[in-house]
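Data first, discussion second: the structure below is written as structure tokens.
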Amino acid sequence: MAKVLILGGTTEARLLAQKLAPRADLEVTLSLAGRTASPVAHAVPLRVGGFGGADGLAEHLARERVDALIDATHPYATSISHNAAGAARKAGVALVALRRPPWKAVAGDRWIEVDDTRAAVNALGPTSRRVFVAVGRNELKPFGGAPQHFYLIRSVDPVDPPLPLPQAAYVTARGPFSEADDSALMRKHAIDVVVSKNSGGSAAYGKIAAASALGIDVIMLRRPLAAHAPAVETVDDAIAWLDHALTSAATRGV
Ligand SMILES: NC(=O)c1ccc[n+]([C@@H]2O[C@H](COP(=O)([O-])OP(=O)(O)OC[C@H]3O[C@@H](n4cnc5c(N)ncnc54)[C@H](OP(=O)(O)O)[C@@H]3O)[C@@H](O)[C@H]2O)c1
């Protein structure tokens, strides 16, 4: 039986695990960083927590005799993806990255693309605005430096402690989010600008579509540089890669 390790924390990782779980020829484990207090259920056994850098992950791959590694982490989770590339090389394990393609601006979109949250705060400008922030709770600190704005902050787990901001509302919710619900939320709080990562996929696109329909700006954080690894864009392509990798290894007698 071939051993497969999926690095997860995304919808795609969960869907991939769901599709691979019934396969009798595979023993699949999914790894989570342990960031969310109550992660969603997965169809395969989980391991939770960091490996201790690229070397720790390489040791894990060797110790557990992993045959194939699928990096299905979020496109903005750069450390773990670089570690996966280094560890797979070191341990001689086949690796593929499953990365959803980024969203592309379409007619009607009013995107301002920036490199990080610090640049996003600069792009908000000095005049008070009503800002919907959906970038995850670990990257909120720079917004504390611009207290002139009202912020609606959405995250999976509560922001604790809250930011030192005089005007902020917090929403804890887990996607997928529809355009209709996000539009209603944005209208309720009179939002005039959205700050977002370019996550890709449909689960987080509601706010982007809603912003476009409402004619408001989106400050879009550009994708960070991807780790050097062969990549696929869909769950089915990841499965095709896996089958090919395992067949080639068997043919070579690895
Ligand atoms: N960044 C985002 O915007 C975002 C959005 C949605 C979901 N996520 C998910 O949240 C998790 C953490 O994201 P991040 O941006 O904090 O990652 P990161 O900065 O790339 O990773 C920081 C450290 O967390 C550990 N880690 C990350 N993902 C892991 C995984 N799947 N399994 C085991 N350890 C993991 C690793 O620790 P060691 O070095 O000790 O191994 C890694 O060096 C990822 O699984 C990602 O898919 C991230």
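Amide H contacts of Ile219: Ile112, Val194, Val195, Ser196, each under 5 Å away and 5 or more positions distant or on a separate chain (H built 1.01 Å from N in the peptide plane; Pro and chain starts excluded).
Local charge for Ala37 was computed over the other residues whose Cβ lies under 15 Å away, with Lys and Arg +1 and Asp and Glu -1, and equals +1.
Note on the chain: Kirkwood radius taken over Cα pairs, Stokes-Einstein applied at 37 °C and 0.692 mPa s, translational D equal to 168 µm² s⁻¹.
In the chain, a dipole from Cβ-located charges (positive for Lys and Arg, negative for Asp and Glu) runs towards its positive end, and of Val93, His189, Gly108 it is His189 whose Cα lies farthest in that direction. Among the trypsin sites (Lys or Arg not before Pro) within the stretch 95-134, those in coil by DSSP and having at most 10 neighbouring Cβ atoms inside 10 Å are Lys104. Averaging the sequence gap over all C-alpha pairs within less than 8 Å and six or more residues apart, then dividing by the number of residues, gives the stretch 98-254 a relative contact order of 32 percent.
For Ala203, no residue has an amide H sitting under 5 Å from its own, ignoring neighbours fewer than 5 places away on the same chain, with H placed 1.01 Å from N.
Normalised by residue count, the stretch 98-164 yields a Cα convex hull volume of 121 Å³ per residue.
log₁₀ I(q)/I(0) of the stretch 173-237 at q = 0.12, 0.28 Å⁻¹, via Debye over equal Cα point scatterers, no solvent, to two decimals? Listed by q, the Debye log ratios stand at -0.38, -1.27. Loop-located trypsin sites (Lys or Arg not before Pro) across the stretch 196-254 with a Cβ neighbour count of 14 or fewer within 10 Å are Arg222, with loop assigned by DSSP.
Distance between the pseudo-spin-label points of Lys141 and Asp243 (7 Å out from Cα toward the beta carbon): 4.7 nm.
What does the charge add up to near Leu246, with Lys and Arg as +1, Asp and Glu as -1, over the other residues with Cβ less than 9 Å from its Cβ?
Combined, the nearby Lys, Arg, Asp and Glu give -3.
Looking at the stretch 1-92, the trypsin sites (Lys or Arg not before Pro) that sit in a DSSP loop and have at most 16 other Cβ atoms within 10 Å of their own Cβ are Arg23, Arg35, Arg65. For the stretch 79-204, the alpha carbon convex hull comes to 142 Å³ per residue, rounded to a whole number. Beyond 16 Å, the tail of the calculated P(r) for the stretch 206-254 holds 67 percent of the Cα pairs.
Membrane-span-like helices of the chain, defined as complete DSSP H segments with a Cα extent of 24 Å or more along the helix axis and a mean Kyte hydropathy of at least 0.0, are identified as 235-252. Taking all protein chains into account, the per residue accessible area for the chain stands at 49 Å² (1.4 Å probe). With a simple spin-label model that places each label point 7 Å from the Cα along the Cα-to-Cβ direction, the separation between Asp236 and Arg222 comes to 3.3 nm.
Between Glu64 and Ala203, 0.36 nm times their residue separation minus their Cα-Cα distance comes to what? Don't skip to the answer; put the middle values down first.
Values: separation 139, 0.36 × 139 = 50.04 nm, distance 3.30 nm.
Additional length available on full extension: 46.7 nm.
The phi torsions of the stretch 194-200, fed into the Karplus equation with coefficients 6.51, -1.76 and 1.60 and a -60° offset, translate into couplings of 10, 10, 9, 7, 8, 6, x Hz, rounded to whole numbers, with Gly and Pro shown as x. In the chain, the sites counted are GluC sites (Glu not before Pro) in DSSP loop states with at most 15 other Cβ atoms within 10 Å, and the longest stretch holding none of them, exclusive of the sites, is 65-232. Stretching the chain fully between Gln167 and Ala41 yields a gain of 41.9 nm (0.36 nm per residue, less the alpha carbon separation). Given a 1.4 angstrom probe, I'd like the percentage of the accessible area of the chain that is carbon and sulfur, rounded to a whole number. Result for the chain: 53 percent of the exposed heavy-atom area is carbon or sulfur.
The values are calculated or read from the model by the stated rules, or taken from the named source; none is laboratory data. In this text, all values refer to a predicted model and were calculated from it rather than measured experimentally. Virtual Cβ from ideal backbone geometry, glycine too; neighbours counted across all protein chains shown. Heavy atoms of the whole protein, side chains included, go into the accessibility calculation; ligands, DNA and RNA do not. Shrake-Rupley method; radii C 1.70, N 1.55, O 1.52, S 1.80 Å.
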